Amino acid sequence: MTAPLSHTRSDPAGYPVVRLRPKANARAVRHGFPWVYANELVTDRRTKAIAPGAVAVLEDDARRTMGLVAVNNGSKIICRMLDADPGAVIDAAWFTVRLRKALALRTRLYSDPFYRLVHAEADGLPGIVIDRFGDTCVVQPNAAWAEAHIDALVDALTGVTGCTCVIKNASGRTRSLEGLDDITVVLRGAAPDGPVPVPMNGATYMADLTGGQKTGLYYDQRPNHAFAAGLAKGARVLDVFSHVGGFSLSALAAGAVSALATDGAAPALDLAQAGAEATGVADRFATRQGDAFDVLTALGEEGAQFDLVICDPPAFAPARPALDAGLRAYERIARLAAPLVAENGILGLCSCSHAADLQAFRAASARGIGRAGRRGSLIYTGFAGPDHPQLPQLAESGYLKSVFFAL
């Protein structure tokens with residue numbers, strides 16, 4: 001049955017109308033792909049006049065209605081799908097429905113209120129990330145439409161979760177691609193007066209919610225931390241790119257005899273040290289600040305050996321143009337780390353680069369291990385935890401990969 005034509009003036013919500021070009025893949029959008037790229041949309045004078053973040057009705061090239069989208073003419077992703085109902089009103093009540101669904105899933109997964117509450121497109125809120133730390137929620141509105149509707153979002157968020165503090169974290173390259181600022185502010189309540197203790201995998205992590213990286217903690221690695229911790233009893237552990245002690249603290253809580261955490265950021269290592277003290281493992285924990293490549297090289301020259309080595313670097317390939325250089329960096333990390341692994345030890349390597357898929361990352365890691373003169377057997381492949389659901393139609397939502405090799 002053919003859908004009725006949509007006209008700007010008669011639209012019940014008063015939204016403008018935007019239309020796909022004939023060669024655009026309308027079927028993909030109908031089947032769940034959440035984005036329309038700039039070269040797929042008719043960008044006439046009326047479309048160009050739509051304010052960044054405004055809501056519009058999307059039509060295919062035959063003028064059949066497809067739903068509501070958020071528009072940003074200044075972004076490569078010119079439209080983000082919001083709702084299949086072209087008459088929906090994007091207000092606090094609309095956000096409440098989606099946040100309740102997101103919260104219901106997380107409360108089934110975790111007994112404590114520490115998790116990613118909203119994972120953007122996979123939770124029906126494109127470009128929005130929300131991490132929960134007890135009574136505080138940290139929001140990353142990484143798309144112009146989210147910034148434009150931030151008040152309604154925060155009203156719904158406090159109503160659904162009961163949180164008393166909401167912080168807007170404006171860091172990251174995604175906001176700049178949307179033409180947004182990088183100013184982090186407290187939107188509701190009062191920010192915590194110090195790092196927030198977060199219980200996870202038997203350890204206590206200290207999250208800086210206002211001055212730390214991203215939202216303050218990387219919840220996505222939780223299951224991979226747990227896997228590594230299961231290998232750590234009686235082991236000497238090296239945690240490279242440790243941030244606030246992600247792999248090392250859980251390993252110590254599981255019985256590692258020692259752990260060395262290394263990171264380029266002194267404040268992150270200070271938080272890791274505080275976490276070790278809060279966990280009660282400070283006597284087995286040490287830190288070393290410096291560039292990871294330099295530290296790995298120095299440890300190799302010192303003849304250091306560890307039973308479990310994990311490297312969890314930042315995104316070396318954040319976008320496709322950086323893919324080749326990123327894969328070379330991942331290979332180099334593996335090559336430098338492999339000699340530090342004792343005979344029959346374990347090497348874990350991670351990537352949060354969505355441009356580098358699992359096959360490419362795994363191959364780069366294996367090349368690095370081989371170039372180091374070691375032989376590795378792949379024993380585990382891990383991804384982000386279930387509070388970071390993947391949207392099957394959007395490969396970018398499955399960005400995190402972890403591969404563990406027995407050497």
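The values are calculated or read from the model by the stated rules, or taken from the named source; none is laboratory data. In this text, all values refer to a predicted model and were calculated from it rather than measured experimentally. Backbone-built Cβ (ideal geometry, glycine too); neighbour counts: all protein chains shown. SASA here: full protein model, heavy atoms, side chains in, ligands and nucleic acids out. Shrake-Rupley method; radii C 1.70, N 1.55, O 1.52, S 1.80 Å.
Where in segment 5-119 are the strands (runs of 3 or more DSSP E), entirely inside, with at least 1 residues that are charged (D, E, K, R), surrounded by 13 or more Cβ atoms within 10 Å (Cβ to Cβ) and modelled with pLDDT of 95 or more?
Numbers: elements: 17-19, 35-37, 54-59, 65-71, 77-83, 114-119.
Of the strands (runs of 3 or more DSSP E) lying wholly inside segment 5-119, those with at least 1 residues that are charged (D, E, K, R), surrounded by 13 or more Cβ atoms within 10 Å (Cβ to Cβ) and modelled with pLDDT of 95 or more span 17-19, 54-59, 77-83, 114-119.
Here is a check on your reading of the model: is Ala146 touching a residue at least 12 places away in the same chain (Cβ under 8 Å) and touching a Gly at 6+ places or on another chain (Cβ under 7 Å)? Break it down into steps so the answer makes sense when it comes.
Numbers: touching a residue at least 12 places away in the same chain (Cβ under 8 Å): yes; touching a Gly at 6+ places or on another chain (Cβ under 7 Å): yes.
Yes.
Enumerate the pairs (first residue in segment 51-73 and within 17 Å of Asn142 (Cβ to Cβ) and without any contact (Cβ under 8 Å) to a residue 60 or more places away in the chain; second residue anywhere and among the acidic types (Asp, Glu) and assigned to a strand (DSSP E or B)) with beta-carbon separation below 9 Å, excluding pairs fewer than 6 apart on the same chain, so at least 6 apart or on different chains.
Filtered contacts from segment 51-73: Val69/Asp83.
Inspect all residues belonging to segment 318-327 and state whether any of them is open to solvent by 50 Å² or more (accessible area, probe 1.4 Å) and either in contact with a strand residue (DSSP E or B) (Cβ under 9 Å, 6 or more places away or on another chain) or of a type outside the set (D, E, K, R) (or both).
If we filter segment 318-327 for residues that are open to solvent by 50 Å² or more (accessible area, probe 1.4 Å), which is where we start, we get 320-321, 324-325.
Remaining after also requiring either in contact with a strand residue (DSSP E or B) (Cβ under 9 Å, 6 or more places away or on another chain) or of a type outside the set (D, E, K, R) (or both): 321, 325.
Within segment 318-327 (the criterion being open to solvent by 50 Å² or more (accessible area, probe 1.4 Å) and either in contact with a strand residue (DSSP E or B) (Cβ under 9 Å, 6 or more places away or on another chain) or of a type outside the set (D, E, K, R) (or both)), the answer is yes, since at least one residue qualifies.
Suppose we filter Leu327, Leu336, Leu260, Leu296 for residues that are in contact with a helix residue (DSSP H, G or I) (Cβ under 9 Å, 6 or more places away or on another chain), closer than 13 Å to Arg236 by Cα, touching a residue at least 12 places away in the same chain (Cβ under 8 Å) and not aromatic (Phe, Trp, Tyr); which single one remains?
Working: Leu327 fails: closer than 13 Å to Arg236 by Cα; Leu336 fails: closer than 13 Å to Arg236 by Cα; Leu296 fails: closer than 13 Å to Arg236 by Cα.
Every option except Leu260 fails the conditions.
Which condition from (1) surrounded by 24 or more Cβ atoms within 10 Å (Cβ to Cβ); (2) touching a Cys at 6+ places or on another chain (Cβ under 9 Å) is the one that Val237 breaks?
(2) is the only condition that Val237 fails.
Select the helices (runs of 4 or more DSSP H) contained entirely in segment 125-230, then report the ones holding at least 2 residues which are hydroxyl-bearing (Ser, Thr, Tyr) and open to solvent by less than 60 Å² (accessible area, probe 1.4 Å). Working first, answer last.
Working: elements: 144-148, 150-161, 173-177, 222-230.
Once the helices (runs of 4 or more DSSP H) in segment 125-230 are filtered for at least 2 residues that are hydroxyl-bearing (Ser, Thr, Tyr) and open to solvent by less than 60 Å² (accessible area, probe 1.4 Å), what remains is 150-161.
Tally time: how many residues in segment 265-285 are loosely packed, with under 15 Cβ neighbours inside 10 Å and either within 22 Å of Ala228 (Cα to Cα) or in contact with a Cys (Cβ under 7 Å, 6 or more places away or on another chain) (or both)?
Of the residues in that region, 4 qualify.
Might you let me know whether segment 370-392 holds any residue that is crowded, with 18+ Cβ neighbours inside 10 Å and hydroxyl-bearing (Ser, Thr, Tyr)?
Restricting attention to segment 370-392, the residues satisfying the condition of being crowded, with 18+ Cβ neighbours inside 10 Å are 372, 374, 376, 382, 384-385, 387-391.
Within this subset, residues satisfying the condition of being hydroxyl-bearing (Ser, Thr, Tyr) are none.
No, there is no match, as no residue in segment 370-392 is crowded, with 18+ Cβ neighbours inside 10 Å and hydroxyl-bearing (Ser, Thr, Tyr).
Mind listing just one residue for me: the one in segment 349-363 that is assigned to a helix (DSSP H, G or I) and closer than 15 Å to Leu400 by Cα and, of those, least open to solvent (accessible area, probe 1.4 Å)? Steps first, answer last, please.
If we filter segment 349-363 for residues that are assigned to a helix (DSSP H, G or I), which is where we start, we get 358-363.
Of the ones still in play, those that are also closer than 15 Å to Leu400 by Cα are 358-362.
On the way: Leu358: 46, Gln359: 132, Ala360: 28, Phe361: 2, Arg362: 86 Å².
The qualifying residue least open to solvent (accessible area, probe 1.4 Å) is Phe361.
Table: residues versus (1) under 30 Å from Asp307 (Cβ atoms); (2) modelled with pLDDT of 95 or more; (3) in contact with a strand residue (DSSP E or B) (Cβ under 7 Å, 6 or more places away or on another chain).
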{"site": "Ala146", "(1), (2), (3)": "no, yes, yes"}
{"site": "Ala152", "(1), (2), (3)": "no, yes, no"}
{"site": "Thr158", "(1), (2), (3)": "no, yes, yes"}
{"site": "Thr184", "(1), (2), (3)": "no, no, yes"}
{"site": "Leu187", "(1), (2), (3)": "no, yes, yes"}
{"site": "Leu217", "(1), (2), (3)": "yes, no, yes"}
{"site": "Asn224", "(1), (2), (3)": "yes, yes, yes"}
{"site": "Ala228", "(1), (2), (3)": "yes, yes, yes"}
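What pairs can you find where one residue is in segment 378-389 and touching a residue at least 40 places away in the same chain (Cβ under 8 Å), the other is surrounded by fewer than 19 Cβ atoms within 10 Å (Cβ to Cβ) and part of a loop (DSSP other than H, G, I, E, B), and their Cβ atoms are less than 7 Å apart, with a gap of 6+ or different chains?
none
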